[in-house]
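A quick write-up on the structure given underneath.
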Amino acid sequence: MRPFSLFLLLAMSAPAALPAPATAQSSTVILSTTTSTQDSGLLEVLVPMFEKQSGLSVKTISVGTGQALALAARGEADVTLAHAPALERKFVEDGKMLNRRLVMYNDFVIIGPEDDPARIKGTPKAVDALKKLAATGSRFVSRGDKSGTHALELALWKQAGIEPAAPWYIESGQGMGATLSIANDRRAYTITDRATFLAFQKRIALPILVEKDRPLLNIYSVMEVNPANGPRVNAAGGKALADWMLTPEVQGVIRTFGVDKYGQALFVPIAGKKDEDF
Amino acid sequence: MGLILDGVLQAFRLLLAGDPEVWRITLLSLRISATATLLALAVGIPAGTLLALARFPGRALVISLVNTGMGLPPVVVGLFVTIVLWRNGLLGALELLYTPTAMVLAQLVIAAPIVTGLTLAAVQQIPDRFRLQLLALGASRVQMTWVLIKEARLPMLAALMAGFGGVISEVGASMMVGGNIKGSTRVLTTATVLETGKGNFDVAIALSVILLAITFLVNWALTWIQQRRRV
């Protein structure tokens, strides 16, 4: 069958690309985490470092925080790095996640059109800014995807006593990058983490209007997966990765990450701190 | 428009500079999709030939199912393959999730109905009289089937192209079962999604251009083979 020779040729080397099923499961660690850690590029620095030092291989699954925790709760991951403290505490209380420890933080900012029709620029409290948006019916794009960013946004609306609704409230159902593009296109307001905002700054014409309010802190924690969640959880590997993230060496890497590209660090390391410290 | 042009230039730069990551992603895409297509041929050509020649109760239903399968949404395939491969799933013990093998599996499920359906059409378009003639000339059933498959090989190349085109361009299933892990399961389509998410639109466009170029080259080669024998 000569016509297929081209394909045969291509597929010849295929077996090399397909590693045998990992029988030594303890050598693989599945990290379920959020898209922001991946999109910022931080994990692409940290994961190879850990693999080299530990000899373990890491599979990073970047999804929304809600899904990252849900996967872990089913025993489909070994360790989770997330950023939705209230939700995380719930999973810890339910016994699904163990040993939650803070790793780092950055912050969220509220951005919007330059002419700022809702006049929120400089409002010290994020909640007050949202009240103004609702009162003026200004377009606001929400992630709407159960991500950590979405969870924080919903908490703020709740605090403001507002049930946001169409037509001014738009749910993108997509990641932060896509949501920023939609907000830019619709000349709408949105909440974004600072790291993604910096990555998109050149492409969007929405300046920061509200920042540095305590509820806008974006705290990342690492949690180990309870081995009781499933038959094949690699508890030792998960713990090794969690412990490693809190070592002074890694915390130092986090402290300077992003400086070369954005002129400022994207995350502040906080190993050893507690929720109450903020 | 400037952005697209930048992306095209970037594609050439990445390929010519031998960017190892881009090459790895490109080769992995080819390997996974070529393997899946080959397996789909192994399943689809016999299945399609059988469906074309055999007569059995429920045949119309099976053909309808195959035809529906030709438009199987990759994201649905991805979801089901993921659930089956989960640690707690039916095949969890194999630990295949988030590996290239899992991606081959999902792409096989996508491509097999396409190859089956088009093979069925290719074999069926051979006139009945030709078949009878073969039998009259004393051909055994096996010999007849073999001649029919050979006779249908050119339209079957279309099945090959459609199957390969379907899986190399597919993103939903690859993302879900592969996990888009750098150096292991990141392929052209999932890398494009990632780079778009990062705001690296020029890299995303460059990856798209590479994907289009590959699809074109493969189809061009196959079309050349297909048309050459016509002359």
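Values quoted throughout were computed directly from the atomic coordinates according to the rules given, and no laboratory measurement underlies them. Predicted model, so just to flag it, every value in this text is computed and none were measured. For neighbour counting, all protein chains shown are included, and Cβ atoms are generated from backbone atoms with ideal geometry for every residue, glycine included.
Quick notes on this one:
- Rounded FRET efficiency, nearest 0.05, which uses the C-beta distance separating B:Ala93 from A:Arg186 and R0 of 60 Å: 0.80
- Per-residue [θ]222 nm for the protein assembly as shown (sum of -39500 (n - 2.57) over DSSP H runs n ≥ 4, rounded to 500): -18000 deg cm²/dmol
- Projecting the Cα atoms of A:Ala178, A:Leu246, A:Phe50 onto the dipole axis of chain A, where Lys and Arg carry +1 and Asp and Glu carry -1 at the beta carbon, places A:Ala178 farthest toward the positive end.
- Listed peptides B:216-227, A:178-189, A:110-121 by packing density, highest first (mean Cβ within 10 Å): A:178-189, A:110-121, B:216-227
- The label-point distance for B:Val62 and A:Arg214, in a model that sets each label 7 Å from Cα toward Cβ, rounds to 7.0 nm.
- For the stretch A:183-212, the residues whose amide N sits under 17 Å from a probe point set 7 Å from the Cα of B:Glu21 along the beta carbon direction are A:196, A:199-200.
- When each of A:Lys212/A:Lys261; A:Lys52/B:Lys198; A:Lys121/A:Lys158; A:Lys59/B:Lys182 is checked by Cα-Cα distance, pairs over 19 Å: A:Lys212/A:Lys261; A:Lys52/B:Lys198; A:Lys121/A:Lys158
- Size of electric dipole in chain A: Cβ of Lys, Arg +1 and of Asp, Glu -1, about Cα centre, debye, nearest 20: 240 debye
- Compared with the dominant principal axis of the Cα atoms in chain A, helix A:148-160 is inclined by about 30°.
- When each of the peptides B:142-154, A:232-244 is scored by the mean number of other C-beta atoms lying within 10 Å of its residues, the order from highest to lowest reads A:232-244, B:142-154.
- Over the C-alpha atoms of the stretch A:107-216, the Rg to Rh ratio, Rh being the Kirkwood estimate, stands at 0.90.
- Average beta-carbon neighbours from other chains, 10 Å sphere, peptide B:28-35: 5
- Span from the the stretch B:148-177 Cα centroid across to the the stretch B:57-118 one, whole angstrom: 14 Å
- Shielding of B:215-221 by partner chains, average beta-carbon count, 10 Å: 1
- In nm, spacing of pseudo-spin labels at A:Glu51 and A:Ala165 (7 Å Cα→C-beta vector): 5.0 nm
- Residue mean of other protein chain beta carbons inside 10 Å, B:183-193: 1
- This model, with +1 at the C-beta of Lys and Arg and -1 at the C-beta of Asp and Glu, gives the stretch B:2-228 a dipole about its Cα centre of some 700 debye.
- Mean sequence separation of contacting Cα pairs (under 8 Å, at least six apart), scaled by the length of chain A, corresponds to a relative contact order of 27 percent.
- Here, the stretch A:61-121 yields an orientationally averaged convex hull projection of 6.0 nm² when only Cα atoms define the hull.
- Between the residues A:Leu154, A:Tyr105, A:Leu31, the greatest Cα displacement towards the positive end of the dipole of chain A, with unit charges on the Cβ of Lys, Arg, Asp and Glu, is found for A:Leu154.
- Cα centroid separation, the stretch B:178-202 to the stretch A:31-63 (Å): 14 Å
- Shape call, chain B: gyration tensor on alpha carbons, a/c limit 1.5: oblate
- Positive-end residue, the stretch B:3-64 charge dipole about Cα centroid, Cβ charges, pick of B:Val43, B:Leu28, B:Phe56: B:Phe56
- Between the stretch A:78-128 and the stretch A:160-180, the Cα center-to-center distance that results, in Å: 15 Å
- Kirkwood estimate for the stretch B:134-231, i.e. one over the average of 1/r between Cα atoms, Å: 16.3 Å
- Cβ-Cβ FRET estimate between A:Arg203 and A:Glu114, R0 fixed at 22 Å, reported to 0.05: 0.90
- Judged by the mean number of other Cβ atoms found within 10 Å, the most tightly packed of the peptides B:191-199, A:44-52, A:124-132 leads the ranking B:191-199, A:124-132, A:44-52.
- Evaluated over the stretch B:192-231, the Cα radius of gyration and Dmax, each in Å: 15.5, 50
- Extended-chain gain in nm, criterion 0.36 nm per residue less alpha-carbon gap, B:Trp146 and B:Ala54: 31.7 nm
- Residues listed by number, the stretch A:169-183, amide nitrogen under 18 Å from A:Lys261 label point at 7 Å toward C-beta: A:175-181
- Given charges at beta-carbon only (K, R positive; D, E negative), |dipole| of the protein assembly as shown in Debye: 1440 debye
- Cα-based Kirkwood hydrodynamic radius, the protein assembly as shown, one decimal, Å: 25.3 Å
- Helices that extend 18 Å or more along their long axis by alpha-carbon positions and average at least 1.0 on the Kyte-Doolittle scale are, among the DSSP H runs of chain B, B:2-16, B:20-53, B:100-124, B:153-168, B:201-228.
- Kirkwood hydrodynamic radius over Cα pairs of chain A, then Stokes diffusion coefficient at 37 °C and 0.692 mPa s, in µm²/s: 163 µm²/s
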